[in-house]
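Here's the structure we're looking at; comments come further down.
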């Protein structure tokens, strides 16, 4: 079965949200009638509460023992990605604006995706339980590791970040709603399963609202009029290079550890993905009302559709190999 991972309504919705912020920035900017300083945190809490209600830890048990695979995925997500990001930013030098540099590194420090990683792994005949385990573990670890990486990046550039306040905010608005959703899962789990599609729509619409408010302040302060099209083109090029390098690193590590073909597929998809669903809320909490927040979010907003397009094509290709051979097709030695 072919997997459809093209430009869906959510990707189009991001473009519309940015366009609305460009045309009507006042409602979503600080002081606007949408009250983004409160709306943002409530939206973040709603997203992670729904994640908690939908998350089944029973689905994780089958994937817990594949430690070589877990090392590849988590190592790529939280170590290889940031190191490659630093190398690319060093090569780019001063040609990249400070907020875009921060946004590119923020992309590299984010956790992996959950739903798309699992769906693509399943479509490519990979190890689905291991993909569920790694994607979920990445989301939980990222709550603490991502702000640590970002704090280090800011301090290395001479800026500071109130780490205690940021972590406390993340715990208050991300972890606690997630835990609350998980505790209420015995009561709401059946409802969540029956309305999975509708919950997904609410989740995505909330993210689009956060994208809109994130860009409003940037537009109002003239960040984009001063930057032009150059940041978009640089981000597209940088995202493609970054994706190729990480896929290559994940493939080499998987082969070196002798992972079975289904595990290699899970490692490639989980280790190369970055989450927009968690990235936008985390950016709102970490960077607050920073004027360049729209520019900081640009890399993850571009990387998101690119990773879906490329990984969707790879999943279809590997699934066809599997169907033709009658066995699980091995992931290629390189991306």
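The values are calculated or read from the model by the stated rules, or taken from the named source; none is laboratory data. Because the structure is predicted, anything quoted here is derived from the model rather than measured. Because the Cβ atoms are built from the backbone with ideal geometry, glycine has one as well, and the counts that use them run over all protein chains shown.
Structure notes:
- Criterion: within 19 Å of residue 72 (Cβ to Cβ) and out of contact with any helix residue (DSSP H, G or I) (no Cβ under 6 Å at 6 or more places or on another chain) - qualifying residue of 113, 121: 113
- Residue match in the range 274-286 (condition: farther than 20 Å from residue 78 by Cα, at pLDDT below 90 and surrounded by fewer than 24 Cβ atoms within 10 Å (Cβ to Cβ)): no
- Scanning the range 272-299 for residues that are closer than 16 Å to residue 115 by Cβ and either without any contact (Cβ under 8 Å) to a residue 60 or more places away in the chain or in a helix (DSSP H, G or I) (or both) returns 272, 276, 277, 278, 279, 280, 281.
- Total residues in the range 153-182, condition free of Cβ contacts under 8 Å to residues at least 12 places away in the same chain, over 20 Å from residue 284 (Cβ atoms) and assigned to a helix (DSSP H, G or I): 2
- Residue check, residue 129 loosely packed, with under 15 Cβ neighbours inside 10 Å, touching a residue at least 24 places away in the same chain (Cβ under 8 Å) and either closer than 20 Å to residue 280 by Cα or touching a helix residue (DSSP H, G or I) at 6+ places or on another chain (Cβ under 6 Å) (or both): no
- Which listed residue, of 258, 271, is at pLDDT 85 or above, on the phi > 0 side of the Ramachandran plot and out of contact with any strand residue (DSSP E or B) (no Cβ under 8 Å at 6 or more places or on another chain): 258
- Being more than 16 Å from residue 108 (Cα to Cα) and assigned to a helix (DSSP H, G or I) holds for only one residue in 249, 315, and it is 315.
- Taking each residue of the range 309-321 that is over 12 Å from residue 122 (Cα atoms) and looking for partners that are not in a helix (DSSP H, G or I) with beta-carbon atoms closer than 6 Å, six or more apart or interchain, yields 321/329.
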